[in-house]
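Notes for the one structure printed next.
The values are calculated or read from the model by the stated rules, or taken from the named source; none is laboratory data. A quick note: this is a predicted structure, and the numbers were derived from the prediction, not measured. Cβ sites come from the backbone with ideal geometry, for glycine too, and all protein chains shown count toward neighbours.
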């Protein structure tokens, strides 16, 4: 029972990271029709930004303060990087979806290579508050504390995104844009500002996933972005392209499936996720047309 | 018609010249690792030719049918790993191993294509990537010690035809690779001019309209998918011989992206373009490592040195520039009129008219 509980919480923690990446992907796709391959690069930039600042802040304040400060910088760097990518690379290719995808592909290759060139292939570590490395006993299971943070972060982002989309003017424009972009433009609203905004939001969420993955896997390395991105793709397809709630449900399912199968059948959890995707596609191809934010 | 004949004559002449490369005793300065006839150069050129062919097999899907697959590396890897495992782990003869590889190379894309083609456009890209990822995981899991995991799997030379083994036989490998590239070129050239080939290009231009005509588009797309994959599988076998076995780097998502870069660089939806793009890309990738380690680059200040010593950074940036400023790729440079230069933009329709895809408000 305690093992099951541990697997469940760990699976939810993993799912939380998938959600942080997938929500941005899904939002960007829903509004702009862009498959953002560079989303993994946003994650990498956020994680390395955090690591870099943390390594330069030696001796200032407590570990907790240093970590929070560097994580904040990492998030801002990820968000700004994403907004710049939209402004400089995506916007000039407006409505040319295939070229936009290809540009993000090139960007993801170049970013990972650059990070490898500057900081090497080795895994990097950053100091995090000791509490995150300890465990909490729940129902007989010793749960690593960082899992709670992952889950809480994902729930907050989900609630925040939902509230933002529902109650703010920009949220309204984004929802309307997902529904019918041409009509929103015809009403005289500049949708392009919303484009930059969703990229920035997506970049922030991905950078947050980067910071958290540095704790979850207890290291930061150049390839992490791409490997998490692939699972985020699976999540987005299962959950329905463009649907935030769908992504949330799918990331929980994928994270849990991966953990359970990994434990009960000697490490084929990753393959089971691809199998799950195949089954979903065979059973319900209709989900893919889902386009509600 | 005369233009076509002229093209064919030039093509035959180029293949003829290429066939004589192993007989040429001179080098090309810093461009090549040694004289043209040296084993090092021949092996590099052989792999360039293999990637030229594999890139063209990918263009059959992407450029001619409008299918953006992110999983083409998987079918190449099937060729590399199945043939290698059959000769090395199971001790089969090379001919039997090739038959087995061909069978797997037909069944795997047929099944995966059948499932993936339930989606289209961007979702298809994501799903094919997921399947390719499953292939990579499988290789890394190293079931029964067959794939060798991260270490790769060197082939057992006793079960490989003697003509392809050893440094002195590198010229045979080169000719084999040249033959492979020529065969892929001829097959793709024939296929895109055949009746299914016309349907593929019609699907690329406007899938819904083809559907309305009563043509089962999914079946035709599956045909293109299986044919392209089978050609890539064959390339995998040749590659396995060229590099003496299998290495897991060809199963990564980066490898599929590399094929995409090769095609776009050369010219999407053309025959010559991807072959040139594939060969040039690999050549640049390999030689940039040498240039990156050279004295000239190493003596630059760090701000310039670090990016320049990373081939993938240079090629990634180059790729972005090509997408922006040269959508027709290398093939678009020489093409007359706007049609030739459209390249990538010709694919736009395939992504706008696909059912269940965003951008319909455009």
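The table below gives the values:
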item	result
Test: residue in region A:110-122 that is part of a helix (DSSP H, G or I), more than 30 Å from residue B:343 (Cβ to Cβ), more than 24 Å from the chain's Cα centre (by Cα) and more than 9 Å from chain B (Cβ to nearest Cβ)	no
Qualifying residues in region B:111-123 (those that are modelled with pLDDT of 90 or more and part of a helix (DSSP H, G or I)) - the one farthest from the other protein chains (Cβ to nearest Cβ)	B:113
Residue check for residue B:227: more than 12 Å from chain A (Cβ to nearest Cβ) and surrounded by fewer than 24 Cβ atoms within 10 Å (Cβ to Cβ)	yes
Residue in region B:238-254 that is farther than 30 Å from residue B:16 by Cβ and in contact with a strand residue (DSSP E or B) (Cβ under 6 Å, 6 or more places away or on another chain) present	yes
Within region A:241-269, considering residues that are touching a residue at least 24 places away in the same chain (Cβ under 8 Å) and at the interface with chain B (Cβ under 10 Å from one of its Cβ atoms), the one surrounded by the most Cβ atoms within 10 Å (Cβ to Cβ)	A:241
Some residue of region B:43-63 being away from chain A (no Cβ under 11 Å), crowded, with 24+ Cβ neighbours inside 10 Å and over 19 Å from the mean Cα position of the chain (by Cα)	no
Conditions (1) crowded, with 19+ Cβ neighbours inside 10 Å; (2) not in a helix (DSSP H, G or I); number of the one not met by residue A:59	(1)
Region A:273-291, residues that are modelled with pLDDT under 55, at the interface with another protein chain (Cβ under 8 Å from one of its Cβ atoms) and touching a helix residue (DSSP H, G or I) at 6+ places or on another chain (Cβ under 7 Å)	A:288, A:291
Residue A:132 being part of a helix (DSSP H, G or I), at pLDDT below 90 and under 30 Å from residue A:1 (Cα atoms)	yes
Qualifying residue in region A:42-49 (condition: free of Cβ contacts under 8 Å to residues at least 40 places away in the same chain and not in a loop (DSSP other than H, G, I, E, B))	no
Search result, residues across region A:193-218 that are in contact (Cβ under 8 Å) with a residue 60 or more places away in the chain and either assigned to a loop (DSSP other than H, G, I, E, B) or out of contact with any helix residue (DSSP H, G or I) (no Cβ under 7 Å at 6 or more places or on another chain) (or both)	A:218
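The rows are residues; the columns are (1) touching a helix residue (DSSP H, G or I) at 6+ places or on another chain (Cβ under 9 Å); (2) away from chain A (no Cβ under 14 Å); (3) at pLDDT 95 or above.
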{"position": "B:83", "(1), (2), (3)": "yes, yes, no"}
{"position": "B:94", "(1), (2), (3)": "yes, yes, no"}
{"position": "B:107", "(1), (2), (3)": "no, yes, yes"}
{"position": "B:150", "(1), (2), (3)": "yes, no, no"}
{"position": "B:153", "(1), (2), (3)": "yes, yes, no"}
{"position": "B:159", "(1), (2), (3)": "yes, yes, no"}
